[in-house]
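Structure first, commentary second.
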Amino acid sequence: MDARIIFPNGHYSGNLLWNKAEALERETAIADSLSLIRLKNYWASAYPEGDGVTFTDENKRSDAEVLKDFTNCFQWLEIAVGQTKNANFELADLESDAEMQCTVIVPLSKLKIEETFLIGDFRFVCNKEFDPEPYERLGDFECEYVEFKTPILYKDLLRVNSSLDHNDYVINKCLAMAESAMDLVRYQFSSFLKPHFTPIPLGSLLTAFIQLRSFLKSGHTSSQFH
């Protein structure tokens, strides 16, 4: 089973990372390996998400020594040195095609909504000034927005903010789904003869913005793009 190690650096703890799905049946092996590595005077704790452990080295050993210790204590793993110092990026390389159910929130412009309504799986939320329950709003902006749930590849979420191109890929995927619901609104209420009555492309404010919020209990996946 493949794993990646990121060595401690300054005030940052080290990480040993693996594919969570592949480790589901390895609880006993994980516990035994943690006991062994702690005997070598490391502090080590498993992530609650199940995708690795974090550790510190009380003895300030070299990277080569740390790698040797973890290789001996986690013999059920094929440990390679991570090419980055980012745990999310390393986890993304270890992930398969697992998906996470996310809520996507896209702000609307040039569209006045005084009462929240549904179109299929899409929830069109009114302007905050008309909202009788503003404390229930998931979006942190006051304008109208459309909200829906969709599965997104976990590895795509882990790579968020790795590059502008990747952010654009995830953003455009979400916007394309939201636009399918907006087509119905435009068909019913808009006119190309009166473009000032036509909502602009979704996600547009003064600057492009989209918010993704995962409802799964993972510290890696709650992300926001600007």
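Of everything in the stretch 168-195 that is open to solvent by less than 40 Å² (accessible area, probe 1.4 Å) and modelled with pLDDT of 75 or more, the residue that is nearest to residue 111 (Cα to Cα) is 182. When the test is whether a residue is open to solvent by 60 Å² or more (accessible area, probe 1.4 Å) and under 29 Å from residue 157 (Cα atoms), residue 83 passes it. With the checklist (1) surrounded by 18 or more Cβ atoms within 10 Å (Cβ to Cβ); (2) without any contact (Cβ under 8 Å) to a residue 60 or more places away in the chain in hand, flag the one item residue 130 doesn't pass. Every listed condition holds for residue 130 apart from (1). Being within 24 Å of residue 31 (Cβ to Cβ) and in contact with a His (Cβ under 9 Å, 6 or more places away or on another chain) holds for only one residue in 87, 44, and it is 87. Pairs are defined by a Cβ separation below 8 Å, a sequence spacing of at least 6 or placement on different chains, a first member in the stretch 1-12 that is farther than 13 Å from residue 87 by Cα and open to solvent by less than 60 Å² (accessible area, probe 1.4 Å), and a second member that is at pLDDT below 85 and not small (Gly, Ala, Ser); the pairs so defined are 1/22. Looking across the stretch 52-65, not a single residue is of a type in the set (A, V, I, L, M, F, W, C), more than 29 Å from residue 25 (Cβ to Cβ) and surrounded by 12 or more Cβ atoms within 10 Å (Cβ to Cβ). For the stretch 90-99, the criterion of a residue being over 15 Å from residue 174 (Cβ atoms), open to solvent by 30 Å² or more (accessible area, probe 1.4 Å) and polar (S, T, N, Q) is satisfied by at least one position. So which residues in the stretch 135-160 are open to solvent by 50 Å² or more (accessible area, probe 1.4 Å) and farther than 30 Å from residue 88 by Cα? Matches in the stretch 135-160: 135, 136, 142.
Scanning the stretch 13-57 for residues that are more than 25 Å from the chain's Cα centre (by Cα), assigned to a loop (DSSP other than H, G, I, E, B) and without any contact (Cβ under 8 Å) to a residue 24 or more places away in the chain turns up just one, 41. Taken over the stretch 112-152, the criterion of being farther than 17 Å from residue 184 by Cα, out of contact with any helix residue (DSSP H, G or I) (no Cβ under 9 Å at 6 or more places or on another chain) and part of a strand (DSSP E or B) is satisfied by 149, 151. Taking the stretch 67-111 as the range and being part of a loop (DSSP other than H, G, I, E, B), at pLDDT below 80 and of a type in the set (Gly, Ala, Ser) as the test, the residues that pass are 96, 98, 109. Among residues belonging to the stretch 14-51 that are of a type in the set (Gly, Ala, Ser) and at pLDDT below 90, point out the one that is most open to solvent (accessible area, probe 1.4 Å). So, considering only residues that are of a type in the set (Gly, Ala, Ser) and at pLDDT below 90, the one most open to solvent (accessible area, probe 1.4 Å) is 21.
The values are calculated or read from the model by the stated rules, or taken from the named source; none is laboratory data. Not measured: the values here are computed from a predicted model. A quick note on method: Cβ atoms are made from the backbone with ideal geometry, for glycine too, and the neighbour counts reach across all protein chains shown. Surface areas here come from the heavy atoms of the whole protein model, side chains and all, with no ligands, DNA or RNA. Shrake-Rupley method; radii C 1.70, N 1.55, O 1.52, S 1.80 Å.
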